[in-house]
Amino acid sequence: MFRSSNPMLSRMESPVQVLEGAPMTVKGTINKTFVMLLIAAVSALAVVYEAMMGYADKMMMVMGIALFAGLGAGIVTAFVPKLAKFLAPVYAFAEGVLLAGLSLMFEAKFPGIVVQAVAGTFLAFFVMLVLYRTGVIRATAKFRATIMSALFTIMILYLINLVGPFFNFTIPFISGYSKMGIVFSLIVVVVASLSLILDFDFIEQAEKNLLPKDFEWYGAFGLMVTLVWLYVEILQLLARLRND
C-alpha cells in the first residue's frame with residue numbers, strides 16, 4: 001500500500017495490477033509532466049501577450065473561464081483517475097492561464113518577482129528530487145503522517161481565512177504582510193517542497209506495482225498540482241519579504 005501527500009495522488013491507496021498492455025513507468029510520467037508544463041507555458045504566454053496588447057477585459061474573462069475549467073478538471077480527475085489522460089492537459093492549460101494572471105499582478109507591484117518565483121520553484125523541485133534519489137529523505141510512514149498532518153492544518157487555516165470575511169473575520173498572518181505572515185509562508189513552502197518527496201515515491205511505487213499506462217497522466221497531474229501550489233506559495237513568500 002502506498003499513499004502520497006498530494007490530495008490528487010492519495011486516492012490511489014492500493015496497488016492496481018495491469019490486466020493488459022504496458023504498465024506505467026517513471027520515465028513516461030516524467031515525459032507527460034513536461035508535456036503538461038509545456039501546455040501551461042503556452043497558455044501563460046498567450047495571457048501575457050493579451051495583457052501586453054491591452055486586452056485586460058478579455059484577459060479577465062478568460063481567467064474566469066480557466067478558473068472553473070481548472071477546478072472542474074482537477075476535481076473530476078481526482079475522483080476518476082482514468083480520465084487523467086483527457087483532463088490533465090485541460091488542467092495544465094487552465095493553470096497556465098491563472099498563474100499568468102496572478103503573476104502579472106505580482107510583477108506589477110514587485111518587478112522581477114516572477115523570475116525569482118519560477119527559479120525558486122524549480123530549485124526546490126530539483127533539490128527534493130536529489131534528496132529523494134540519494135535516500136537522504138525517505139517517504140517513511142512517519143514522514144508521510146507528518147506531512148499529511150501539516151497539509152491538513154494548512155488546508156483548514158486557508159478554509160477558515162476563505163470563509164472568514166463573510167463573518168467579518170480573517171487570519172492576519174495569512175492575509176497580511178507581517179513578520180508572522182513571512183514565517184507562515186516559509187513553513188508552507190517547506191511543506192509544499194517536502195510534499196514532492198511523497199509524489200516522487202508514489203510514482204516510483206506505482207511503476208513497481210504495475211499500474212496501467214494511462215496512470216502516467218495521473219502521476220503527472222498530481223505532480224503538477226504540487227508544483228502549482230509550490231509556485232504560488234513561493235510567490236507569496238517573496239512578496240511578503242519585499243513588502244517587509
Quiz prompt | Pairwise centroid distance, computed over Cα atoms, of region 220-237 with region 116-193, Å | solution = 10
Self-check item: Pairs of lysine residues in the chain - Cα separation under 14 Å, sequence separation of 8 or more or cross-chain
Solution: 6
Exercise. Pairs of Cα atoms under 8 Å, at least six residues apart: use those to get the relative contact order of the chain, whole percent.
Key: 39
Self-check item: In order through region 83-99: 3J(HN,Hα) via Karplus (6.51 cos²θ - 1.76 cosθ + 1.60), integer Hz, x for Gly, Pro
Solution: 8, 4, 5, 9, 8, 4, x, 5, 4, 4, 4, 5, 5, x, 5, 5, 5
Quiz prompt | Full-stretch length increase - E107, L157 - with 0.36 nm per residue and alpha-carbon distance subtracted | solution = 15.4 nm
Quiz item: What is the helix-to-structure angle for 215-243, meaning the angle in degrees between its Cα long axis and the longest Cα principal axis of the chain, kept from 0 to 90 and rounded to the nearest 10?
Solution: 30
Quiz item: Highest mean first, what order results for 79-86, 102-109, 202-209 on Cβ atoms within 10 Å?
Solution: 202-209, 79-86, 102-109
Practice problem: Measure nothing but the geometry: give the 0 to 90° angle between the long axis through the Cα atoms of 141-163 and the longest principal axis through the Cα atoms of the chain, rounded to 10°. | Solution: 30
Quiz item: Any idea what angle helix 179-208 forms with the longest principal axis of the chain, computed on alpha-carbon atoms, 0 to 90 degrees, nearest 10?
Solution: 20
Quiz item: What does the helix-only formula give at 222 nm for the chain: each DSSP H stretch with n ≥ 4 adding -39500 (n - 2.57), the total divided by the residues, and the result rounded to the nearest 500 deg cm²/dmol?
Solution: -26500 deg cm²/dmol
Practice problem: Of the options M24, M61, L198, report the single residue whose Cα projects farthest towards the positive end of the charge dipole of the chain (beta-carbon charges: Lys, Arg +1; Asp, Glu -1). | Solution: L198
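Values quoted throughout were computed directly from the atomic coordinates according to the rules given, and no laboratory measurement underlies them. Computed from a predicted structure; not experimentally measured. Quick reminder, even Gly has a Cβ in these numbers, built from the backbone with ideal geometry, and neighbours come from all protein chains shown.
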